[in-house]
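**Student:** Structure provided below as structure tokens; questions to follow.
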């Protein structure tokens, strides 16, 4: 399971090295929101500095109540006593996977850590493809079939993980897909772990995000955090909302037992700041609003460049990812570049052009797939000032440094796709 | 494994309830340092508020370099590239246990989470008694025998965990014990995980803490953090120092892989503050100095009260724990109170007198043992002002609120030990 880390690290390191050498780079490998900390959050963190006791394993009451309010405002009535905070939603997901045990169904493609966590916990991931433009949610029909087959083969499949909105595709599964997923989960008696960390980052506020918790409230655990909507990944805070029935109460107990043995409690000052943020005061609502507009503008502009170059790409609806497919270039890539797999392609993009992206294989798809995850949020600028300008801009893609990245992207893609690549990397020295 | 949490939580909850009812309490169940945050640490945390990127899985370089310096000053030369930071030393210990795999030898008694973490990771703890006053280090001879027997029975024993200074006994194993432990570990090819989180809290600065890393540097992982020496448990930061050889490098890779899938990185602002603290500027050195004097004064005063009442107790040398034994009262406890086990005894102390302590069974000993862990650090006061006064006092045990706790303790112990207990709890209403 350390492969995914290494891939990300390798991309980051190669890009750092090229930067030092003065070579052009396109940093699109790492899924970090790439925006500054809001000053009110810095103040809230400072105020929380006196929070040096461990406090409850589940997190401070003020944080659990604020998180409950956050979910209430999204139509999910929530008991603060069934909320558990952790140092990021990642540890919460791991603890849930460990508490539930057995094998876990995940979407293909999906965020690499679901499968890795399942393996760490001693289970095996059951990879189930998604429907077109319905990223993050296993095709309900294929899920039913895959679980039945796995169970017939003696495997214990106990849960399914969904991601709405989705990483790596940037798409939002429809109400119908989510509802059918929830029905299949009920039929098969699966716990649904619904990772909704990108929920507030839909590009168009009219896009409704549906949670499996609407359709199967008795079996759905919802997780979220502040890493993406407030760009506070490095602060490490997440929350989980457990089902409000006997199953939820049992899982809550197991989750707390595991949490108490792995991390004790999330960082106190960060909990205090998070309690403030989940209360959604106007300046936080405004920041998220501006963030999602920026993410949308740049993700769409990047998608346009891929499309113009000949790649297939589903229009992203949320977050800062897209998932273009170069299947149409398969023969040309083999002939001109000796590229026959996804990792070949992304390695070539990195080595020749300094373009950092991750191949589909890192997300549970076949190594043959010529798809890649493109993260667009590190294009907002290299300095705090540039990123702040991007956030404030009416038309961020017109900013010179973002425009330059986009133009470089077109240049790279045109070169890769041309029948006689000029190896732009040589020109750049 | 959730038992230990429940025991601690139950103690805390019962004590909170009694406080609300105006009944007297003796809160000695929870191992929290119970001291205020130093203002320079609050400032350092605020300054780190802009640290919102995930940063390296191993932690920021400035933190790893500061931690390396901390160990260098204690005679352990350290490569910052073999330091890994985590959100507390507890998650680092869990990840190490998971990375090493198999069964793990731990001292009996020892901190409850070692055994629980081993079980969570799919292994079984191998409980090995300690020598008198050599808490935290399994008796080397018994360890050799236990590992040989376990291996003969087909078990994979791959590591041993040591705690110097020790929780729950507050003792510091001698150079000879630590050296012999290291030799046995080498003979048996065991990794040594040395939990040194109480290292800076020896009561007498002349007490030398020896690390297995001095004697078996090729196989010893050292962990520490700021939870105890700076009372920053709730901030959640720890560091691990891996061996500087091939074994260490391999373990380092596995540890990072696991860390990346469970917690990503420790909280950025907390890392920045920790980098400051591990640099050991004068005000931090002074705080730790005053803390250890306070811990020593109160722990010794509490030990004296237990001894005066007739319990056997080894003089504590570090931290804020002691581990008295009421074995001498076994018959009287059975006759007067119907108490025949450690949990019976601590339950009676809690229910009748509001005295919260944990029975030996929580630390891996037999339920028959009439020993208990007494944590003395929550006696420093109920308010920030009282705790600050305790830290500043030349003679903290003379402070009225600490003196009152000590007197209440004597009263309770005398009542328990008398042939006709007066049930002081009834008088308190």
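**Student:** Of the conditions (1) assigned by TED's automatic domain parsing to the domain that holds residue B:263; (2) surrounded by fewer than 16 Cβ atoms within 10 Å (Cβ to Cβ), residue B:22 fails just one. Which one is it?
**Tutor:** The number of the failed condition is (1).
**Student:** Those residues that are more than 12 Å from chain A (Cβ to nearest Cβ) and either in contact with a helix residue (DSSP H, G or I) (Cβ under 8 Å, 6 or more places away or on another chain) or part of a strand (DSSP E or B) (or both), I need them from region B:225-245; list them, please.
**Tutor:** B:229, B:239, B:240, B:241, B:242, B:243, B:244
**Student:** For the structure I just gave you, tell me whether residue A:63 is surrounded by 19 or more Cβ atoms within 10 Å (Cβ to Cβ), closer than 21 Å to residue B:45 by Cβ and assigned by TED's automatic domain parsing to the domain that holds residue A:271.
**Tutor:** Considered against the rule, which asks whether it is surrounded by 19 or more Cβ atoms within 10 Å (Cβ to Cβ), closer than 21 Å to residue B:45 by Cβ and assigned by TED's automatic domain parsing to the domain that holds residue A:271, residue A:63 comes out as yes.
**Student:** Let me ask another. Among (1) at pLDDT 95 or above; (2) over 20 Å from residue A:264 (Cβ atoms); (3) more than 10 Å from chain A (Cβ to nearest Cβ), there is one condition residue B:254 misses while meeting the rest; what is its number?
**Tutor:** All conditions are met except number (3).
**Student:** Looking at the structure I just gave you, is residue B:264 part of a loop (DSSP other than H, G, I, E, B), within 22 Å of residue B:118 (Cα to Cα) and within 14 Å of chain A (Cβ to nearest Cβ)?
**Tutor:** Against the criterion (part of a loop (DSSP other than H, G, I, E, B), within 22 Å of residue B:118 (Cα to Cα) and within 14 Å of chain A (Cβ to nearest Cβ)), residue B:264 qualifies.
**Student:** Consider residue B:322 against the criteria (1) touching a residue at least 12 places away in the same chain (Cβ under 8 Å); (2) surrounded by fewer than 22 Cβ atoms within 10 Å (Cβ to Cβ); (3) within 26 Å of residue B:226 (Cβ to Cβ): it satisfies all of them except one. Which criterion is unmet?
**Tutor:** (2)
Per-residue answers, yes or no, for (1) at pLDDT below 95; (2) under 23 Å from the mean Cα position of the chain (by Cα); (3) at the interface with chain A (Cβ under 8 Å from one of its Cβ atoms):
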site: B:41; (1), (2), (3): no, yes, yes
site: B:61; (1), (2), (3): no, no, no
site: B:67; (1), (2), (3): no, yes, no
site: B:74; (1), (2), (3): no, yes, no
site: B:79; (1), (2), (3): no, no, no
site: B:90; (1), (2), (3): no, yes, yes
site: B:94; (1), (2), (3): no, yes, yes
site: B:124; (1), (2), (3): no, yes, no
site: B:133; (1), (2), (3): no, yes, no
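**Student:** Can you tell me which residue in region A:96-122 is nearest to residue A:144 (Cα to Cα), limited to those that are more than 13 Å from chain B (Cβ to nearest Cβ) and crowded, with 24+ Cβ neighbours inside 10 Å?
**Tutor:** A:105
**Student:** Has region A:400-408 got at least one residue that is outside any helix (DSSP H, G or I), assigned by TED's automatic domain parsing to the domain that holds residue A:301 and buried (at least 16 other Cβ atoms within 10 Å of the Cβ)?
**Tutor:** no
**Student:** A further question on this structure: Taking region B:170-186 only, how many residues are part of a helix (DSSP H, G or I) and closer than 21 Å to residue B:365 by Cβ?
**Tutor:** Qualifying residue count, region B:170-186: 2.
**Student:** Only one of A:308, A:335, A:303, A:297 is more than 15 Å from residue A:169 (Cα to Cα), surrounded by fewer than 24 Cβ atoms within 10 Å (Cβ to Cβ), free of Cβ contacts under 8 Å to residues at least 40 places away in the same chain and more than 16 Å from the chain's Cα centre (by Cα). Can you tell me which?
**Tutor:** Result of the check over A:308, A:335, A:303, A:297: A:335.
**Student:** If residue A:354 meets every condition in (1) buried (at least 24 other Cβ atoms within 10 Å of the Cβ); (2) on the phi > 0 side of the Ramachandran plot; (3) touching a strand residue (DSSP E or B) at 6+ places or on another chain (Cβ under 7 Å) apart from one, which number is that one?
**Tutor:** (1)
**Student:** Further, regarding this structure: Taking the condition farther than 29 Å from residue B:208 by Cα and out of contact with any strand residue (DSSP E or B) (no Cβ under 7 Å at 6 or more places or on another chain), does residue B:77 pass?
**Tutor:** In short, no.
**Student:** What is the one condition in (1) touching a strand residue (DSSP E or B) at 6+ places or on another chain (Cβ under 9 Å); (2) part of a loop (DSSP other than H, G, I, E, B); (3) more than 28 Å from residue A:41 (Cβ to Cβ) that residue A:214 does not satisfy?
**Tutor:** All conditions pass for residue A:214, except number (2).
**Student:** So if I check each of B:301, B:277, B:308, B:318, which one is within 19 Å of residue B:27 (Cβ to Cβ) and in contact with a helix residue (DSSP H, G or I) (Cβ under 9 Å, 6 or more places away or on another chain)?
**Tutor:** Every option except B:301 fails the conditions.
**Student:** Now for a different question. Only one of these is over 23 Å from residue B:290 (Cα atoms), at the interface with another protein chain (Cβ under 9 Å from one of its Cβ atoms) and modelled with pLDDT of 90 or more: B:56, B:36, B:2. Name it.
**Tutor:** B:56
**Student:** Only one of B:188, B:201, B:230, B:226 is under 16 Å from residue B:316 (Cβ atoms) and modelled with pLDDT of 95 or more. Can you tell me which?
**Tutor:** Just a single option satisfies the conditions, and that option is B:201.
**Student:** Without any contact (Cβ under 8 Å) to a residue 24 or more places away in the chain and within 26 Å of residue A:320 (Cα to Cα): which single residue out of A:204, A:166, A:195, A:176 fits that description?
**Tutor:** Criteria check complete, one pass: A:176.
The values are calculated or read from the model by the stated rules, or taken from the named source; none is laboratory data. Since the structure is predicted, the reported quantities are computational estimates derived from the model, not experimental observations. With ideal geometry, Cβ positions are generated from the backbone for all residues, glycine too; neighbour counts draw on all protein chains shown.
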